[in-house]
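Reading through the structure tokens given below for one structure.
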Amino acid sequence: MADPQGVPSASRLLELIDGMAGRPVIMLVDLVADRFISGAPKRISREAPVLILSYTGERFIPGGGANAVANVAALGGKPLPLGVVGEDDEGQLLIDELHDMGVPSQGIVRRSGYRTPTKVRILGGGEHSARQQIVRYDIEDRIELDETIRAEFARVLVAWRETATVAVLSDYGYGAVSPEMMEPVREALLPDGVVLCDSRYRLRDFAGLDAATPNEEEARALLGASAAVDLDLQGASLRRELGARYLLITRGSHGMSLFIEGPTAHIPVHGLEQVADVTGAGDTVIGTFALATAAGAGPLEAALLANYAAGVVVTKLGTATLSPEELRSAIESDQRPLEELRWDAS
């Protein structure tokens, strides 16, 4: 079935990239720190059958919802984040990293006794070879969204009132993103604003949102569906259950499926032959989708741009972002997702 409005042209997508510059996006997120520690293989330990690495360096990068914020900033948008960090080194480093990207911090609350969630990845590899992730350990805590934090969020939302048309909720389960915050965030938007949500464990609790971007595993968990179940049909049902205008399910090597009122669009994957690391690709998807929507994109246009963006970041090691120039280059060099877009009746 063909889309009655037609597939967006490459020139239209490039125009939207230009329109992303300076667009504000309110972002209520679970702020996470990603730390990558690298080492060169040294020998097998005599104490246990484990590899010994010689430390070569480390990188600190905004992760989780902070990565979605970083992606909006890297693409030229103006993220307005709300979140919580601890009064620890990781919390300060996160604020500093985001500040260096031009991201304001007045919506980031520092809470004593709370440990900033941190994912530590140990990488091994030689000087001239790709480093491989050997193990990861997580430092986790959960914040209680009490009246003090809610009041601080409310104060900042008043200052941002009617400055943005789009808001993002990025829920990693650490407590800063609550379904009860959806309406206060919506009320801060301009009339007819759009609320997008990416919730790892409880998307159903955010029913009434405008759009969601779960991956296939998360969508199947919500549906209680096995691999044999036709997700194309079930996805349309999930969109209606959530009360969402559109639902974008990311499907790894199978690309993305966009469920809207009417036919479903299946978007082929971009950049599969160059995949290096899928870490944080979902954050890139929701960040790009949100910023494109803020620039005036329709759901299919926003999904196509998010698909191209994800195809770029998975070619990079670790938690990554991309620039407007990289997104333009991806569109100009490979238009297969436009040519091979497939529509099915919902």
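The values are calculated or read from the model by the stated rules, or taken from the named source; none is laboratory data. Being a predicted model, the structure only gives us computed values, none of them experimental. Positions of Cβ are generated from backbone atoms using ideal geometry, with glycine treated the same way; all protein chains shown enter the neighbour counts.
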Q) Quick one: which of D192, D171, D198, D205 is under 18 Å from R240 (Cβ atoms) and of a type in the set (D, E, K, R)? A) D205
**Q.** Boolean, S38 is of a type in the set (S, T, N, Q), within 28 Å of A310 (Cβ to Cβ) and in a strand (DSSP E or B)
**A.** yes
Q. Can you find even one residue in segment 125-136 that is out of contact with any helix residue (DSSP H, G or I) (no Cβ under 9 Å at 6 or more places or on another chain) and under 30 Å from S257 (Cα atoms)?
A. yes
Q | Residue under evaluation V177, criteria (1) surrounded by fewer than 21 Cβ atoms within 10 Å (Cβ to Cβ); (2) modelled with pLDDT of 95 or more; (3) in contact with a helix residue (DSSP H, G or I) (Cβ under 8 Å, 6 or more places away or on another chain), criterion not met | A | (1)
Q) When the residues of segment 4-36 are filtered to those that are aliphatic (A, V, I, L, M) and at pLDDT below 95, which remaining residue is surrounded by the most Cβ atoms within 10 Å (Cβ to Cβ)? A) V7
Q: Test each condition in (1) over 18 Å from the mean Cα position of the chain (by Cα); (2) assigned to a strand (DSSP E or B); (3) among the hydrophobic types (A, V, I, L, M, F, W, C); (4) at pLDDT 95 or above for L82 and report the one that comes out false.
A: (1)
Q) Can we say D210 is modelled with pLDDT under 95 and not aliphatic (A, V, I, L, M)? A) no
Q) Can you name every residue in segment 161-193 that is touching a Leu at 6+ places or on another chain (Cβ under 9 Å) and among the aliphatic types (A, V, I, L, M)? A) A164, V166, A167, V168, L169, A176, V177, M181, M182, V185, A188
Q. All but one of (1) part of a helix (DSSP H, G or I); (2) touching a helix residue (DSSP H, G or I) at 6+ places or on another chain (Cβ under 8 Å) hold for E15; which doesn't?
A. (2)
Q: Please name all residue pairs, on different chains or six or more residues apart, with Cβ atoms under 7 Å, provided the first residue is in segment 196-211 and is closer than 21 Å to G298 by Cα and touching a residue at least 12 places away in the same chain (Cβ under 8 Å) and the second residue is assigned to a loop (DSSP other than H, G, I, E, B) and acidic (D, E).
A: L196/D210
Q.
So, restricting to strands (runs of 3 or more DSSP E) that lie completely within segment 88-160, which ones have at least 2 residues that are touching a strand residue (DSSP E or B) at 6+ places or on another chain (Cβ under 9 Å) and polar (S, T, N, Q)?
A. 132-139
Q) Somewhere in segment 271-293, is a residue at pLDDT below 95, part of a loop (DSSP other than H, G, I, E, B), surrounded by fewer than 16 Cβ atoms within 10 Å (Cβ to Cβ) and over 13 Å from the mean Cα position of the chain (by Cα)? A) yes
Q.
Quick check on this structure: which one of G76, G63 is surrounded by fewer than 24 Cβ atoms within 10 Å (Cβ to Cβ) and within 19 Å of V285 (Cβ to Cβ)?
A. G76
Q. Applying the selection to segment 315-343, what residues are closer than 13 Å to M256 by Cβ and either in a helix (DSSP H, G or I) or aliphatic (A, V, I, L, M) (or both)?
A. P337, L341
Q. Which one of these is over 15 Å from V285 (Cα atoms), surrounded by fewer than 14 Cβ atoms within 10 Å (Cβ to Cβ) and either without any contact (Cβ under 8 Å) to a residue 60 or more places away in the chain or touching a Phe, Trp or Tyr at 6+ places or on another chain (Cβ under 9 Å) (or both): I44, I95?
A. I44
Q.
Could you list, ordered by first residue, the pairs with Cβ atoms under 9 Å in which the first is in segment 24-36 and closer than 27 Å to T56 by Cβ and the second is aromatic (F, W, Y) and not in a strand (DSSP E or B), at least 6 apart or interchain?
A. V32/Y172; V32/Y174
